[in-house]
Amino acid sequence: MSELAINGGKPVFDEPYPTIRNSTGRTIGAEEVDAVNEVLRSGCLAYIYGDKVKTFEDEFASLIGVKIAVATSSGTAALHAALVYLDPEPGDEIIVSPLTDMGSIIPVVSQLAIPVFVDIDPFDQNMDPVKVEAAITARTKAIIVTHLFGAPADMDAIMAIARRHNLFVIEDCAQAHLARYRGKMTGAIGDMACYSFQQSKHITTGDGGMVVTNEDGKFGRSLRLCTDKGWPRDRPGRDHLFLAPNYHMTELQAAVGIAQLRKLPAVVAARRRNAHILDTEINQLSAVRALGVRPECEEVRWAYAFEVDLGKTSVDGVAITEALKAEGIDCFLGYPGKVPLYRYPMIRDAITFGKSGWPFTLPGVRQQDFNSVLCPKAEQACLQTIVLWWNEQIDASQARLIGSAIRKVLNHYTS
Ligand SMILES: Cc1ncc(COP(=O)(O)O)c(C=O)c1O
């Protein structure tokens, strides 16, 4: 057996393989450059006077198969716009996953609602519908369902629960562009869906996002106003109808987005194709398991995640991750990190608005002990899941080589 790189041996990768951090792992070319130059030359960089954001929104809506799409400055902004639209009362509850980006939770707290974390199904690490139903109270208003790593959650079960309890469902598709559930596009299943176009996503505008829906005005406000200072620009003069942020996307970002959108199906196909090669490599090893994908789904592989059975290894997940990094693998332990989201200071210590601790300290709100093991399966997942940055430029032979680096490290540490 060859010596591990971490112990002085030769790494599997001498040179870095494609990364989302720069052009090697992104699909950005002359189309994007020309589009940005066109906007710059036009002198119109703002959505209110231009047509790029509008075009991007229309094309995005038709690709997902929804009526309305509103572009935003980030995925977090898209989720916040969705909650401004829903307009919960302070202290109302929104059910969320503990394994997602903090961008799914910040909007809840910003809107003075309470995030209620429910445990995951270890199979795919998406929210467990049984836990969702058990968490519902008279104050529950919505469920934010993240399709983690691009694998759709159990939407039949979640939608059935939501309909039974009259809850609004926001799909967090930030990692799941074009993923399908029973042939239907994710993002067109819930009541509303949000996307991110941040650097690592299937398509990128640097930062950026989109919020989509079929039903505008359901709670008495138009979605666009939720990203535009509550300002109905189709009326003469200036007016601000309710508290809403300015989350505009710029024409520059939208120009890139339009070019990127045309490449999205091929990007998704390449990510899946080569991830499936790595699945095959990984699933031959006794101590690891590629995360599951529900059989009714077509997943789209944002990051590549696999679980290590730490009962079979002589070292912990940290040591395995470090050994993989030494082999040249671009990876980290646990998603979003080594602990679920409720253990981060912002939530755990309610570091929110001055010293108030709002919304967690508002009268009559649900008390949750964020220092306790609220979601044991999520806690476990963070310790044993290794996440590889993935992208569409990783080719079949690189996918196989990544598999052999994992085999090399796991063989070393597995008894
Ligand atoms: C699942 C999920 N939700 C929300 C977000 C927030 O998106 P953004 O970083 O664009 O604000 C992200 C992005 O990292 C994400 O992956």
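The values are calculated or read from the model by the stated rules, or taken from the named source; none is laboratory data. Everything quoted here is computed from the prediction, not taken from an experiment. Using ideal geometry, Cβ is built from the backbone for each residue, glycine included, and neighbour counts are taken over all protein chains shown. The area values use the complete protein model at the heavy-atom level, side chains included, leaving out ligands, DNA and RNA. Shrake-Rupley method; radii C 1.70, N 1.55, O 1.52, S 1.80 Å.
Of all the residues that make up the range 118-167, how many are aliphatic (A, V, I, L, M) and within 16 Å of the ligand (Cβ to nearest atom)? Don't jump to the end; show me each part of the working.
To start, the set of residues in the range 118-167 that are aliphatic (A, V, I, L, M) comprises 118, 120, 127, 130, 132, 134-136, 138, 142-145, 148, 151, 153, 155, 157-162, 167.
Next, only the ones that are within 16 Å of the ligand (Cβ to nearest atom) stay: 118, 120, 127, 142-145, 148, 151, 153, 155, 158.
So the answer is 12.
Just to check your reading of the model, which residue among GLY230, GLY220, GLY237 is assigned to a loop (DSSP other than H, G, I, E, B), open to solvent by less than 50 Å² (accessible area, probe 1.4 Å) and over 19 Å from GLU38 (Cβ atoms)?
On the way: GLY220 fails: open to solvent by less than 50 Å² (accessible area, probe 1.4 Å); GLY237 fails: open to solvent by less than 50 Å² (accessible area, probe 1.4 Å).
Selected residue: GLY230, the only one of GLY230, GLY220, GLY237 that is assigned to a loop (DSSP other than H, G, I, E, B), open to solvent by less than 50 Å² (accessible area, probe 1.4 Å) and over 19 Å from GLU38 (Cβ atoms).
Before we move on, is GLU133 under 28 Å from VAL339 (Cβ atoms), open to solvent by 50 Å² or more (accessible area, probe 1.4 Å), modelled with pLDDT of 95 or more and of a type in the set (Asp, Glu)? It would help to see each step written out before you state the result.
Numbers: under 28 Å from VAL339 (Cβ atoms): yes; open to solvent by 50 Å² or more (accessible area, probe 1.4 Å): yes; modelled with pLDDT of 95 or more: yes; of a type in the set (Asp, Glu): yes.
Criteria met by GLU133.
Any residue in the range 238-253 that's in contact (Cβ under 8 Å) with a residue 60 or more places away in the chain: show its pairings with residues that are assigned to a loop (DSSP other than H, G, I, E, B) and open to solvent by 50 Å² or more (accessible area, probe 1.4 Å) at Cβ separation under 7 Å, as long as the two are six or more apart or on different chains.
Pairs found: ALA244/LYS229; THR250/LEU45; GLU251/LEU45; LEU252/LEU45.
Which count do you get for residues in the range 185-209 that are within 10 Å of the ligand (Cβ to nearest atom), in a strand (DSSP E or B) and surrounded by 24 or more Cβ atoms within 10 Å (Cβ to Cβ)?
4
Scan the range 216-237 residue by residue and report those that are among the charged types (D, E, K, R) and free of Cβ contacts under 8 Å to residues at least 24 places away in the same chain. Let's see the steps before the verdict.
We begin by selecting, within the range 216-237, every residue among the charged types (D, E, K, R); these are 216, 218, 221, 224, 228-229, 233-235.
Within the range 216-237, ASP228, LYS229, ASP234, ARG235 qualify.
When both residues are 6+ apart or on different chains and their Cβ atoms are under 8 Å apart, which pairs have a first residue that lies in the range 101-116 and is closer than 22 Å to ALA303 by Cα, and a second that is within 13 Å of the ligand (Cβ to nearest atom) and in a loop (DSSP other than H, G, I, E, B)?
Within 8 Å, the pairs are ASP101/ALA174; ASP101/PRO336; MET102/PRO336; GLY103/SER74; GLY103/ALA174; SER104/SER97; SER104/ALA174.
Could you check the range 323-346 and list, in sequence order, the residues that are charged (D, E, K, R) and either touching a helix residue (DSSP H, G or I) at 6+ places or on another chain (Cβ under 6 Å) or open to solvent by less than 20 Å² (accessible area, probe 1.4 Å) (or both)?
Just the residues of the range 323-346 that are charged (D, E, K, R), to begin with: 325, 327, 330, 338, 343.
Matches in the range 323-346: GLU327, LYS338.
Having 1 or more residues that are closer than 29 Å to ALA254 by Cβ and over 13 Å from the mean Cα position of the chain (by Cα) is the bar; report the helices (runs of 4 or more DSSP H) wholly within the range 57-158 that clear it.
On the way: elements: 75-86, 106-110, 129-134.
Those helices (runs of 4 or more DSSP H) span 75-86, 106-110.
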